[in-house]
1. Does Lys84 qualify as being at pLDDT 80 or above and either over 26 Å from Asp68 (Cα atoms) or of a type outside the set (A, V, I, L, M, F, W, C) (or both)?
2. Conditions first: (1) at pLDDT below 80; (2) in a loop (DSSP other than H, G, I, E, B). Asp135 passes all but one, so which condition is the exception?
3. Take the residues of region 12-60 that are closer than 30 Å to Asp73 by Cα, among the β-branched types (Val, Ile, Thr) and modelled with pLDDT of 80 or more: which is surrounded by the fewest Cβ atoms within 10 Å (Cβ to Cβ)?
4. Collect the residues in region 89-106 that are touching a strand residue (DSSP E or B) at 6+ places or on another chain (Cβ under 9 Å), more than 17 Å from Thr117 (Cβ to Cβ) and outside any loop (DSSP other than H, G, I, E, B), keeping them in residue-number order.
5. For region 31-43, enumerate the residues that are within 12 Å of Phe9 (Cα to Cα) and either in contact (Cβ under 8 Å) with a residue 12 or more places away in the chain or of a type in the set (A, V, I, L, M, F, W, C) (or both).
6. If we scan region 94-105, do we find a residue that is among the hydroxyl-bearing types (Ser, Thr, Tyr) and either at pLDDT 85 or above or within 19 Å of the chain's Cα centre (by Cα) (or both)?
7. Return yes when Leu33 is aliphatic (A, V, I, L, M), in contact with a Leu (Cβ under 9 Å, 6 or more places away or on another chain) and outside the structural domain of Phe134 (by TED's automatic domain parsing) and no when it is not.
8. I'd like the residue in region 61-88 that is outside any helix (DSSP H, G or I) and under 15 Å from the mean Cα position of the chain (by Cα) and, out of all such residues, is surrounded by the most Cβ atoms within 10 Å (Cβ to Cβ).
Amino acid sequence: MPARLESPFRCSRCGILLTPENSIKNRKAKSGLHSNCKDCRRVTKRSYHQRVAEHLRFKHKRNTYGVDERTFDSLFYEQAGRCKLCAVPFARLRDVCIDHCHKTGAVRGLLCSPCNTALGRYERAKEMNPDADFDAYLDAPMVLQVPAIALAITLRGGASHLLLP
């Protein structure tokens with residue numbers, strides 16, 4: 001049986017000649033090579049994974065909070081792409097948290113991750129100790145003004161307690 005001569009293969013996206021250095025092996029293909037070069041395959045794979053990840057994110061938001069892409073976009077537009085509590089612009093779309101009431105399930109707005117975490121901890125603390133008046137405590141005047149240098153030493157772990165003059 002004569003040896004089969006095959007014409008050189010080209011990338012189906014960019015058209016460059018496929019060589020062993022710039023191609024990906026594919027056992028299922030007759031040629032043994034993938035139809036795209038490594039660079040085109042990387043771009044295709046990355047864009048596919050980004051689309052799938054975005055789809056799964058919105059599917060989770062729709063199933064958990066009842067928020068579809070349209071509703072999310074309108075909330076995002078109403079808040080001008082900023083956190084509803086601190087008004088800092090969202091750096092990435094995946095960092096946006098949907099704030100909702102755990103009792104009623106109603107969506108209150110979009111928050112950044114730090115604000116969402118802080119609000120969740122605040123709500124849990126109020127549930128655990130309903131008699132505590134957190135708002136009055138935070139609004140009350142300071143009892144003791146700590147010098148900034150002493151506070152900095154404590155925060156760096158230098159001293160376990162403050163020694164004031």
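1. Details: at pLDDT 80 or above: yes; either over 26 Å from Asp68 (Cα atoms) or of a type outside the set (A, V, I, L, M, F, W, C) (or both): yes.
Answer is yes for this residue.
2. So the condition that Asp135 fails would be (2).
3. Taking region 12-60 and keeping what is closer than 30 Å to Asp73 by Cα, we get 42-60.
Imposing the further condition that a residue be among the β-branched types (Val, Ile, Thr) reduces the set to 43-44, 52.
Now restrict to residues that are modelled with pLDDT of 80 or more: 43-44.
On the way: Val43: 14, Thr44: 12.
Going through the qualifying residues, I end up with Thr44.
4. In the first step, residues of region 89-106 are kept if they are touching a strand residue (DSSP E or B) at 6+ places or on another chain (Cβ under 9 Å); the result is 89-90, 96-101, 106.
If we keep only those that are more than 17 Å from Thr117 (Cβ to Cβ) as well, we get 89, 106.
The answer is Pro89, and nothing else.
5. Of the residues in region 31-43, the ones within 12 Å of Phe9 (Cα to Cα) are 31-37.
If the condition is that a residue be within 12 Å of Phe9 (Cα to Cα) and either in contact (Cβ under 8 Å) with a residue 12 or more places away in the chain or of a type in the set (A, V, I, L, M, F, W, C) (or both), then Ser31, Leu33, Ser35, Asn36, Cys37 are the ones that fit.
6. Here is the first cut: in region 94-105, the ones among the hydroxyl-bearing types (Ser, Thr, Tyr) are 104.
Those still in the list that are either at pLDDT 85 or above or within 19 Å of the chain's Cα centre (by Cα) (or both) too: none.
No, there is no match, as no residue in region 94-105 is among the hydroxyl-bearing types (Ser, Thr, Tyr) and either at pLDDT 85 or above or within 19 Å of the chain's Cα centre (by Cα) (or both).
7. Details: aliphatic (A, V, I, L, M): yes; in contact with a Leu (Cβ under 9 Å, 6 or more places away or on another chain): yes; outside the structural domain of Phe134 (by TED's automatic domain parsing): yes.
When the stated conditions are applied, Leu33 passes them.
8. Going through region 61-88, the residues outside any helix (DSSP H, G or I) turn out to be 66-68, 79-88.
Okay, now just the ones that are also under 15 Å from the mean Cα position of the chain (by Cα), so 81-83.
Working: Gly81: 12, Arg82: 15, Cys83: 22.
Step by step, filter region 61-88, then rank; the result is Cys83.
The values are calculated or read from the model by the stated rules, or taken from the named source; none is laboratory data. Keep in mind the model is a prediction, meaning the values are calculated, not measured. For neighbour counting, all protein chains shown are included, and Cβ atoms are generated from backbone atoms with ideal geometry for every residue, glycine included.
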